[in-house]
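Presented below is the structure to which this report refers.
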Amino acid sequence: MSEVRARFGVLGPVQLTIGGVAQPLGGIKQRAVLAYLLINANRPVSIDALAQVVWEDCPPPDIRISLHTIVSNLRKPLREAGLDARVILARAGTGYRVTAAENCCDMQRFRARKESGLRALAAGRLSVASEVLSSALAEWRGTALADLQGLGFADAFATALDDERIGVIEARAQAEIAQGRADTVISELAELAERYRLREPLWEQLITALYVGGRQSDALEAVRRLRATLAEELGIDPVASIRELEARMLRQEPLIPPTDAVASALRATTVVDLITPGSRAFLRDSTGQTFPVTGPFTRIGRLPDNDIVLDDGRVSRHHAVIVSNGRTCVLKDLLSSNGVFVGGVRVIDSVALTDGAVVRIGDTEFTFGVLPHGL
């Protein structure tokens, strides 16, 4: 097609627009099929995988017929608009594939602008970084996959996407602070820090903005509140960078020279690829049992709808998820009651997994591993 007329959205309720007009997508199962295909855009998704995420433990008697009907209904508005529906939503092997042209999905646009904005911030082009990161955040229409809440795959992926969104907010705040506009980000950072009470990078940005904005007492009070929260809930102190920030404030030193802004941007960038393309990631427990890490996410928890089920009272129903793009695996704590530990350290939000990392969830200890391509 010479012009992209069909556009998709997952950064909010699942959406299909044609020529700028929102199209009806039917019930939750149709929207779930479209959402999962968009998450795996331009890659085939098997019928079995679609059945698992849409129906979970209650598949219909004939999955193929049910999915064929759903896909036919999803193709209808494309076909009626004169688009080649069988190309956009195609059969692919034993499953289906959404062919999403560049920038036709809000998640694609968000991630492309995020990377561009972070590169600008790392290069010290602060005004450009603020503008591009703001345009990335403008792609969000609410909670990701908001109309699919309760479906395991949607909840896990929405949590991971939200982590990306918060990272972009942190990076934009850094650019604003470095340009002398700390006052413009304080209220947003304060609201988010209260909601994500254990996310230390958010608190670090808030504390910095308060101090740079001339509110030294408020900045020191924020450090005290964070320290009390971490001690009560995790039994730990703030990270070294926040302790150093507190010491610099007590000495009334100036903050955020240009080099600090660049260093912060480099910390905020997307995790670099850690896995060679074609390799296979897995978790292995102490008995030697191996659990493959497959697809865009692998859920771990107590309920049977998880990919890795742990029969352990200390494990939450949906405890953690490993989000993978095929080359990087990031372990995300799904607000579990007893936490996730990597290398003996509790995970705050998420952490990239490297070959040989030791992961503990409840009473189970795993080793994360990677098998090279071909083995």
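The values are calculated or read from the model by the stated rules, or taken from the named source; none is laboratory data. Here the structure is a predicted model, which means the values were calculated and not measured. Here Cβ is always computed from backbone atoms with ideal geometry, including for glycine, and neighbour counts include all displayed protein chains. Ligands, DNA and RNA are excluded from the accessible area calculation, which covers all protein heavy atoms including side chains. Shrake-Rupley method; radii C 1.70, N 1.55, O 1.52, S 1.80 Å.
Among the residues of the stretch 300-355, those that are within 16 Å of Glu233 (Cα to Cα) and aliphatic (A, V, I, L, M) comprise Leu334, Leu335, Val340, Val345, Val347, Ile348.
The combined condition, being under 27 Å from the mean Cα position of the chain (by Cα), crowded, with 16+ Cβ neighbours inside 10 Å and either under 15 Å from Arg97 (Cβ atoms) or not aromatic (Phe, Trp, Tyr) (or both), is fulfilled by Ala51.
Residues that are touching a residue at least 12 places away in the same chain (Cβ under 8 Å), in a helix (DSSP H, G or I) and open to solvent by 40 Å² or more (accessible area, probe 1.4 Å) were ranked within the stretch 172-189; the one that is farthest from Glu56 (Cα to Cα) is Asp183. Only one of the listed residues (Gly19, Gly82, Gly93) is free of Cβ contacts under 8 Å to residues at least 40 places away in the same chain and not hydrophobic (A, V, I, L, M, F, W, C). That residue is Gly82.
If I go through the stretch 46-59 residue by residue, how many of them are in contact with a helix residue (DSSP H, G or I) (Cβ under 7 Å, 6 or more places away or on another chain) and under 21 Å from Gln149 (Cα atoms)?
6
For the stretch 148-171, residues that are hydrophobic (A, V, I, L, M, F, W, C), in contact (Cβ under 8 Å) with a residue 24 or more places away in the chain and within 12 Å of Lys332 (Cα to Cα) total 4. Of all residues in the stretch 313-350, exactly one satisfies the criterion of being of a type in the set (Lys, Arg) and at pLDDT below 80, namely Arg327. Against the list (1) modelled with pLDDT of 90 or more; (2) more than 22 Å from Pro13 (Cβ to Cβ); (3) touching a strand residue (DSSP E or B) at 6+ places or on another chain (Cβ under 9 Å), the condition Val132 fails is (3). Kindly indicate whether any position in the stretch 130-142 is under 28 Å from Ile300 (Cα atoms) and either hydrophobic (A, V, I, L, M, F, W, C) or open to solvent by 20 Å² or more (accessible area, probe 1.4 Å) (or both). Looking through the stretch 130-142, at least one residue is under 28 Å from Ile300 (Cα atoms) and either hydrophobic (A, V, I, L, M, F, W, C) or open to solvent by 20 Å² or more (accessible area, probe 1.4 Å) (or both).
Look at (1) open to solvent by 20 Å² or more (accessible area, probe 1.4 Å); (2) closer than 30 Å to Ile322 by Cβ; (3) part of a helix (DSSP H, G or I) and you find that Ile169 fails only one, number (1).
Among residues of the stretch 55-87 being of a type in the set (A, V, I, L, M), assigned to a helix (DSSP H, G or I) and open to solvent by 10 Å² or more (accessible area, probe 1.4 Å), the one that is farthest from Val309 (Cα to Cα) is Val87.
In the stretch 105-128, the residues that are in contact (Cβ under 8 Å) with a residue 40 or more places away in the chain reach residues that are of a type in the set (Ser, Thr, Tyr) with C-beta atoms within less than 7 angstrom, at least six apart or across chains, in these pairs: Glu115/Thr270; Leu118/Thr269; Ala122/Thr269.
Looking at Ala146, Ala193, Ala120, Ala160, can you tell me which residue is of a type in the set (Gly, Ala, Ser) and surrounded by fewer than 17 Cβ atoms within 10 Å (Cβ to Cβ)? Lay out the reasoning, then the answer.
Values: Ala193 fails: surrounded by fewer than 17 Cβ atoms within 10 Å (Cβ to Cβ); Ala120 fails: surrounded by fewer than 17 Cβ atoms within 10 Å (Cβ to Cβ); Ala160 fails: surrounded by fewer than 17 Cβ atoms within 10 Å (Cβ to Cβ).
Criteria check complete, one pass: Ala146.
In the set (1) over 26 Å from Leu151 (Cβ atoms); (2) open to solvent by 60 Å² or more (accessible area, probe 1.4 Å), the condition left unmet by Asp311 is number (1). Gln30 satisfies every condition listed in (1) part of a helix (DSSP H, G or I); (2) touching a strand residue (DSSP E or B) at 6+ places or on another chain (Cβ under 8 Å); (3) closer than 23 Å to Gly152 by Cβ; (4) free of Cβ contacts under 8 Å to residues at least 60 places away in the same chain except (2).
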